[in-house]
Amino acid sequence: MNGDNFETWMKEQLLPSLEESSVIVMDNAPYHSVQVEKLPTKSWRKIEYAAWLTKHDIKFDPSAMKIELMCKALAHKLEKSWGKNVDHTEKIINDDWAREMKMDASENQPFIIQIGNNESDSDDDDEVLAVLLLPDYSTRC
C-alpha cells in the first residue's frame, strides 16, 4: 500500500459507500498522510536538485556541480521557512507594542507615601508625594 493507492481506494470505494454521518478513524500508517511537496535534503542527487529548482522557477546553471545546486535549493528552502519565523516575531512585537500604547501615563494618579511610625497620631510624620513615572513611548519608531 502507498499514498496514491490509499487515496484512490478512499475516494472511489470507501467514501461513496459511507452513510452521511459516518466517522473515519485512521492510525498513523505512512500512507495515510502524504507529503505534498518534498523539500530538498542534502542526500538528494543532482538531478533532483535541478528538478526542484526548475519547478520553483529558480534560475541555475545546468553545468553547476551538485553542491552549488544544493546550496541554492537549501537557501531558498531556508528563506521560505525563515520568512514564517520573521512574520511570527513581527506579530508578537506588534501585539506587545499595541498593549504598551494602551497604557496612558496621564491615567496614573499620584499617591502619598507616609514616612514614619504609623502608630503615631502626631503631625511629625513626613508625607511624600509620589508619581509613577513611565517611559515616554510616544517617540518610539
Name the residues in region 23-52 that are closer than 29 Å to F6 by Cα and either assigned to a helix (DSSP H, G or I) or in contact with a strand residue (DSSP E or B) (Cβ under 8 Å, 6 or more places away or on another chain) (or both), would you?
P30, Y31, H32, I47, E48, Y49, A51, W52
Do we find that D61 is at pLDDT 65 or above, over 17 Å from T41 (Cα atoms), over 15 Å from the mean Cα position of the chain (by Cα) and part of a helix (DSSP H, G or I) in this structure?
no
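The values are calculated or read from the model by the stated rules, or taken from the named source; none is laboratory data. Model, not experiment: these values are computed from the prediction. Counting neighbours? That spans all protein chains shown, and the Cβs are built from the backbone with ideal geometry, glycine included.
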